[in-house]
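Scroll down for the structure; my scribbles are underneath it.
The values are calculated or read from the model by the stated rules, or taken from the named source; none is laboratory data. Small disclaimer: the values here were computed from a predicted structure and weren't measured. Using ideal geometry, Cβ is built from the backbone for each residue, glycine included, and neighbour counts are taken over all protein chains shown. The area values use the complete protein model at the heavy-atom level, side chains included, leaving out ligands, DNA and RNA. Shrake-Rupley method; radii C 1.70, N 1.55, O 1.52, S 1.80 Å.
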Amino acid sequence: MALADTRFSNRRRALAAELAGQRIDALLVTNLLHVRYLTNFSGSNSALLLRKDAGADIATDGRYATQIRHEVPDIEPVITRSLITELLALLDGDDYWRVGVEADHLSYNEYQRLQKAVPERVTLVPLSGVVEKGRLVKDETELEVLTEVARIANDAFDELVAAGEIRAGRTEREVAADLEYRMRVKGSDGESFDTIVASGSNSSRPHHGVSDRCIGDGELVTLDFGAIIDGYNSDMTRTVAVGEPGEKAREIYNVVLESQLAGVAAATAGTALADVDAACRDVINKAGYGDYFVHSTGHGVGIDVHEGPAAARTGKGELAPGMTLTIEPGIYLPGEFGVRIEDTLIITDGAPQIITPTSKELRVL
């Protein structure tokens, strides 16, 4: 999918205005996701220097000389192996520069190396969340891509179920491979995170992954998975039963479903993120399983599969139209089983749009 150049220059201008407001002369962008977000460059080695007047320089090495000119036609690239040194050397004249760096994405050692590399007239200023702030509300094209990538994963799951590929005797690894294959065939560039297929007692661990364990009759199986296209991710979770589940498993499933539906209903523009978390958590607490809901309710999805905003007890701020948010409550009974149900939402002026619409009723396969 071709993205208009003006989207990236508009993002840079908005960020430049933010820098000027903080009395920062330029920002050194070293996080590769942020370089792509601001320029469209998708190579694995790059850095961007953005000035407060919205002027920009981008650097990469010779492997990407052709690619960068194709993906970033509006910035003349610097082709070098010394990305940071070459970019900082472009700062004009004898003026002193306050240059922001992405503190959340630099190790202490990397920051120390930067300090030694900068010219004397440059002062490094650690900044936190300055690019992430702009990423919170997605533009129309981003929302279109996110809807499409969610559809790919959603439809792959539905086909997996319809083909009978989640069944007793198959291993978690086999089911994950079939799901990932179906997402690839439908257009995914890869998996947005390591696919989770957690059966039986493994489902009591929220981030189990996959193993060679065979799925047993009467067990719950939790599948958490996502696709990627154009650098944007999807995220969804469904829990199914292979064979008739026990009474307790049905009870837990119904509690989690009620909790998830309450979270979806609460996820409207203007609602505090902590209140969205509370809407899910209150249902599970009242059912007596509060100690077994061991993670937050949800997160944003975009160029990173886990990004702001955060629906958690400690979540700050309110939802706004154009944000994305997962709603993914769960109950995990150690050594027994677990249930998680997750949708990705787009926040609108009215009810949220669910972009992972496959059924959440318990499927008995």
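As an exercise, use a Förster radius of 56 Å and the Cβ-Cβ distance of Asp92 and Ala351 to find the FRET efficiency, rounded to the nearest 0.05.
Once the sixth-power term is evaluated, E becomes 0.65.
Taking only protein heavy atoms and a 1.4 Å probe, what accessible area per residue, in Å², does region 24-96 have with all protein chains in place?
In whole numbers, region 24-96 has 45 Å² accessible per residue.
Restricting attention to the alpha-carbon atoms of region 172-216, what are Rg (one decimal) and Dmax (integer), both in Å?
Answer for region 172-216, Rg first and Dmax second: 11.2, 33 Å.
For q values of 0.10, 0.18, 0.20, 0.21 Å⁻¹, compute log₁₀ I(q)/I(0) with the Debye formula on a Cα-only model of region 254-365, without solvent.
With no solvent term, the Cα-only Debye profile gives -0.26, -0.84, -1.01, -1.10.
Expressed as a whole percentage, what fraction of the accessible surface of the chain belongs to carbon and sulfur atoms when a 1.4 Å probe is rolled over the protein heavy atoms?
48 percent
Considering only protein heavy atoms, what per residue accessible area in square angstrom results for region 102-233 with a 1.4 angstrom probe?
45 Å²
To the nearest 0.05, what FRET efficiency results for Ser107 and Asn285 with a Förster distance of 51 Å applied to their C-beta separation?
Using R0 = 51 Å, I get an efficiency of 0.85.
Among (i) 30, 63, 7; (ii) 28, 54, 17, 1; (iii) 28, 49, 22, 1, which is the computed P(r) over Cα pairs in 20 Å bins from 0, in percent?
Answer label, from the structure shown: (iii).
Chymotrypsin sites (Phe, Trp or Tyr not before Pro), restricted to region 14-116: which are DSSP loop and have at most 15 other Cβ atoms within 10 Å?
In loop regions of region 14-116 (DSSP not H, G, I, E or B), the sparsely surrounded chymotrypsin sites (Phe, Trp or Tyr not before Pro) are Tyr96.
Sorted from largest down, what three extents in whole angstroms do the Cα atoms of region 237-288 have along their principal axes?
On the principal axes, region 237-288 reaches 42, 23, 12 Å in Cα extent.
Starting from the Cα-Cα distance between Lys116 and Glu76, subtract it from 0.36 nm times their residue separation and give me the gain in nm to one decimal.
Result for the pair: 11.7 nm of gain on full extension.
Run the dipole for region 173-261 about the Cα centre, Lys and Arg Cβ at +1, Asp and Glu Cβ at -1, nothing else charged, and hand back the magnitude in debye, nearest 20.
Here region 173-261 has a charge dipole of around 20 debye.
With only alpha-carbon atoms in the gyration tensor, what are the semi-axes of the equivalent ellipsoid for region 95-178, in Å, largest first?
Result for region 95-178: semi-axes of 48, 20, 8 Å.
Going Cα to Cα from Lys186, which lysines come in below 25 Å? Please leave out same-chain ones fewer than 8 positions away.
Straight-line reach from Lys186, under 25 Å: Lys138, Lys360.
Tell me the Rg and the Dmax, in Å, that the Cα atoms of region 151-197 produce.
Here Rg and the maximum Cα pair distance are 10.1, 30 Å.
Grab the beta carbon distance between Ala163 and Ala17, set R0 = 45 Å, and tell me the FRET efficiency rounded to 0.05.
After rounding to 0.05, the efficiency reads 0.30.
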